[in-house]
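Engineer: Before we start, here is the structure in question, set down as structure tokens.
No lab work stands behind these numbers, since they all come straight from the coordinates. Note that the structure is a prediction, hence the values are computed from the model and not measured.
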Amino acid sequence: MPSKRAAEFLDTAGLIARYPREVVAVVTAGVATLAIFANALFLQNGPHPAPIFGHRAPAPAVKPALPATVAPLPMPAPQIVTPPARPRGQVVTDIQRELAKRGFYDGTLDGVWGAQTDAAARDFVQASGSKNSVEASEEMLRTIAASKIKAPAKAAPPEPPRNDPIAQLLAPDKRVAGIQRALAEFGYGQIRPTGQLNQDTVDAIRRFEAERKMPVTGLPSEQLVRALAAMTGHALE
């Protein structure tokens, strides 16, 4: 009795004998399939242009998103702070001080815009040729402080007249003229009322003083004037 393997072989051989074409086609297809697998797996250096088993393409590298550019905030406009206005008296005091430095003002630094301060400011404007209005203002103060103008030298005041008794006696005087008229009226000489104490007048006064028992001075004293006025009955001047 044949074995099991022998029986299977006999069945296979019988199958081939009955279906030779189909068996050849199946064998050919199997060999071709094996050849394709062998070629794809072992005989090619790179991947097959149409591989049997598809593979997933690597995902493209994702570049990190750049942060959005933030526009710089606009800088706030600088605020101009206007200093508060100073009191008028302080401005006037500073103007007086600057005018005094330049010789235009010699009064007190009292902060009062009086006649003297106004005149000094006008003298400065005229000397410097400035077009500023003459008023107590910060602009006027800045103009004076920035200027190098000096006040012109003032002429020296005239000397007071000296107490010269001789010059006073020689100068025409209404009192002397009245004395001269009174003395001539009462016969003390031919004296002209020139108002000057000349020698004829001095001699006439001495004679009058001697007769009236008065101190003999020869000068037009108050006592002489009262005595002559009493005689004439009216004031001599």
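Engineer: Amide H neighbours of Gly218 under 5 Å, counting only residues 5+ apart in sequence or on other chains, H built in-plane at 1.01 Å?
Structural biologist: Arg206
Engineer: Separate question: Using each residue's phi in segment 126-137, evaluate 6.51 cos²θ - 1.76 cosθ + 1.60 at θ = phi - 60° and report the 3J(HN,Hα) Karplus result to the nearest Hz, with x for Gly and Pro.
Structural biologist: Result, ordered by residue: 5, 6, 8, x, 6, 9, 5, 6, 7, 7, 7, 9 Hz.
Engineer: Search the structure for amide H atoms under 5 Å from the amide H of Gly111, placed 1.01 Å from N in the peptide plane, and list their residues when 5 or more places away or on another chain.
Structural biologist: Thr93
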